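The values are calculated or read from the model by the stated rules, or taken from the named source; none is laboratory data. Just so it is clear, the structure is predicted and the values come from calculations on it, not from any experiment. Methodologically, a virtual Cβ is constructed for each residue, glycine included, from the backbone with ideal geometry; neighbour enumeration extends over all protein chains shown. Please note that ligands, DNA and RNA were not included when accessible areas were found on the heavy atoms of the full protein model with its side chains. Shrake-Rupley method; radii C 1.70, N 1.55, O 1.52, S 1.80 Å.
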Amino acid sequence: MLGPVVVHPEAPDGGWGWIIVLSAFLQSALVFGVIRSFGVFFVEFVTYFDELSGRISWITSIGIAVQQFASPVGSALSSRYGARPVVMAGGFFSGLGFLLASFATCLAHLYLCIGLLSGFGWALVFTPSLASVARYFKRRRTLATSLALTGVGLSSFAFSPLFQLLVDTYAWRGALLIVAGMSFNLVVCGALIRPITLKEDLPGPAGCGARGTCWARFSSLFGLHLLGHFAFMRFVLAITLVNTGYFVPYVHLVARARELGFDEYQAAFLMSLAAVADLCGRLFSGWLANCRGCRLARILVAWTFLTGVALVAVPWGRDYPLLVAISLCYGFCSGALTPVVFSIIPEIVGIANIFSSMGLLQMIESIGGLLGAPLSGWLRDATGDYAASFLAAGSFMFAGSLVLMTLPNFSSCLAPPSVPEPSAKMEAGEGTLLASATAPVGVLSPHDCHPYKVMPETEEPLTKS
């Protein structure tokens with residue numbers, strides 16, 4: 001028997017949403033904190049398997065690409081069954097991948113275990129958890145997203161020296177076993193996610209008529225209708241370019257420092273410093289966007305461009321103090337742009353499309369995640385050092401910032417006090433939404449494939465057995 005479900009007229013901007021933020025904080029720490037600190041294992045794998053840097057780089061790149069390419073699967077499953085069971089399943093797959101990787105005897109095993117299995121688990125964890133945060137907040141959405149993503153900075157600061165200590169103490173196999181145990185905690189984090197039903201989830205007349213067709217359900221679950229949303233697709237192209245260069249320092253900055261003659265702990269400390277700066281950048285970005293003094297698109301372009309400047313400066317950091325300064329600048333700017341990327345999506349496509357749009361974005365930008373680190377490794381093998389690798393990474397960031405400048409209303413400097421969230425059929429800034437004065441109440445329909453959508457009721461709430 002299904003009880004009545006209250007439909008919120010708008011996101012509550014608090015309440016249980018802060019528990020969702022805490023859950024997303026831990027999940028981001030155990031997903032991207034591990035990815036960012038994996039450079040410690042990169043050096044060990046090069047030595048143990050006696051392979052070129054480009055081939056070893058495919059371990060992380062496959063994991064990132066699968067996490068992003070399979071995100072529509074996580075989004076569709078979350079739309080159908082809710083985010084909680086999907087995130088819990090993803091946590092299990094993530095930990096299992098690292099557990100099996102500790103028994104690897106060749107690179108192919110690492111590609112399959114860490115790249116495919118753990119990467120698929122990350123896809124089921126990251127997008128649904130971050131989309132759940134966006135559904136609970138509107139006015140404070142960027143701030144809440146920033147707080148959730150600070151887990152990446154804190155964990156990166158702790159995990160880089162921790163992983164180095166684990167490798168020195170237990171070798172890389174024992175260290176991967178411990179990382180597996182840490183990843184299994186994602187199951188607990190997923191259990192904290194509680195679904196919320198918003199007014200935008202109510203099906204309109206067109207949606208009611210098309211609900212019965214298989215193609216309409218498939219298109220709705222996977223967000224295929226967004227492929228015709230030109231502002232969103234320009235945004236996706238820009239983030240794909242950004243993603244190509246974004247992860248290069250987290251794979252090769254440690255190796256770059258070792259190449260310059262610094263010991264392993266000095267090299268790992270660079271990642272810790274970048275993680276601290278990343279944390280500060282995320283918090284500052286959340287505060288700045290919460291002030292609403294400037295449009296999110298302009299803020300995003302600024303952080304993207306400054307991240308590119310930091311990347312192209314890496315080849316000139318040949319002494320340790322200068323390399324530390326560059327690492328701090330990169331960490332701050334790259335951390336600041338991340339929460340803005342996810343916070344601006346509802347302003348482009350609307351909150352009702354948040355699951356499908358995030359999944360589609362992650363899938364398409366996986367092209368950049370797949371090619372970025374191997375391209376960097378190939379340039380290193382071709383030129384003999386990492387200078388060309390970081391110059392190429394910075395160039396991709398500059399290209400992404402140029403595409404972001406084509407978003408609607410970018411030329412308008414000041415943001416309005418209250419920015420309406422457009423539907424998927426209009427570009428950001430074009431048109432307005434009509435808001436209902438009262439919050440409808442409804443019950444979940446077993447014929448509706450979306451657990452957050454309800455059948456609207458005009459009178460007393462009903463129960464259905």
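Quickly run through the range 158-176 and pick out the residues that are touching a residue at least 40 places away in the same chain (Cβ under 8 Å) and either surrounded by 24 or more Cβ atoms within 10 Å (Cβ to Cβ) or of a type in the set (Asp, Glu) (or both).
Phe159, Ser160, Phe163, Gln164, Leu176
In this structure, does Val301 turn out to be part of a helix (DSSP H, G or I) and either closer than 26 Å to Trp58 by Cα or open to solvent by less than 30 Å² (accessible area, probe 1.4 Å) (or both)?
Yes: the conditions hold for Val301.
Within the bounds of the range 93-114, is there any residue that is part of a helix (DSSP H, G or I), open to solvent by 10 Å² or more (accessible area, probe 1.4 Å), touching a Leu at 6+ places or on another chain (Cβ under 8 Å) and within 22 Å of Leu221 (Cβ to Cβ)?
The answer is yes, given that some residue of the range 93-114 is part of a helix (DSSP H, G or I), open to solvent by 10 Å² or more (accessible area, probe 1.4 Å), touching a Leu at 6+ places or on another chain (Cβ under 8 Å) and within 22 Å of Leu221 (Cβ to Cβ).
Under 8 Å by Cβ, and 6 or more places apart or on different chains, what pairs join a residue from the range 332-350 that is buried (at least 24 other Cβ atoms within 10 Å of the Cβ) with one that is acidic (Asp, Glu)?
Phe332/Asp278; Ser334/Asp278; Gly335/Asp278; Pro346/Glu421; Ile348/Glu427
Out of Ser357, Ser395, Ser401, report the one residue that is out of contact with any Lys or Arg (no Cβ under 8 Å at 6 or more places or on another chain), within 19 Å of Gln67 (Cα to Cα) and either without any contact (Cβ under 8 Å) to a residue 60 or more places away in the chain or not β-branched (Val, Ile, Thr) (or both).
Matching residue, one of Ser357, Ser395, Ser401: Ser357.
Can you tell me which residue within the range 100-124, out of those that are modelled with pLDDT of 90 or more and in contact with a Cys (Cβ under 8 Å, 6 or more places away or on another chain), is nearest to Phe163 (Cα to Cα)?
Looking at residues that are modelled with pLDDT of 90 or more and in contact with a Cys (Cβ under 8 Å, 6 or more places away or on another chain), I get Ala101.
Could you look through the range 36-81, keep only residues that are β-branched (Val, Ile, Thr) and over 19 Å from Thr244 (Cβ atoms), and pick out the one that is surrounded by the most Cβ atoms within 10 Å (Cβ to Cβ)? Walk me through how you get there before you give the answer.
Of the residues in the range 36-81, the ones β-branched (Val, Ile, Thr) are 40, 43, 46-47, 56, 59-60, 62, 64, 66, 73.
Still in the running and over 19 Å from Thr244 (Cβ atoms): 40, 43, 46-47, 73.
Numbers: Val40: 24, Val43: 20, Val46: 16, Thr47: 11, Val73: 18.
Step by step, filter the range 36-81, then rank; the result is Val40.
Mind telling me which of the residues Leu270, Leu241, Leu279 ends up being open to solvent by less than 60 Å² (accessible area, probe 1.4 Å) and under 15 Å from Ala310 (Cβ atoms)?
Leu270
Restricting to the range 313-328, name every residue that is surrounded by 19 or more Cβ atoms within 10 Å (Cβ to Cβ) and either closer than 19 Å to Trp287 by Cβ or aliphatic (A, V, I, L, M) (or both). Lay out the reasoning, then the answer.
Filtering the range 313-328 for residues surrounded by 19 or more Cβ atoms within 10 Å (Cβ to Cβ) gives 314, 317, 323, 326-328.
Within the range 313-328, Val314, Leu323, Ile326, Leu328 qualify.
Give the residue, chosen from Val242, Val254, that is assigned to a helix (DSSP H, G or I), under 19 Å from the mean Cα position of the chain (by Cα) and modelled with pLDDT of 80 or more.
Val242
Kindly check whether there is at least one residue in the range 195-211 that is at pLDDT 85 or above and surrounded by fewer than 23 Cβ atoms within 10 Å (Cβ to Cβ).
no
Is it the case that some residue within the range 121-136 is in contact (Cβ under 8 Å) with a residue 12 or more places away in the chain, over 24 Å from Ala191 (Cβ atoms) and open to solvent by 10 Å² or more (accessible area, probe 1.4 Å)?
No, that holds for no residue.
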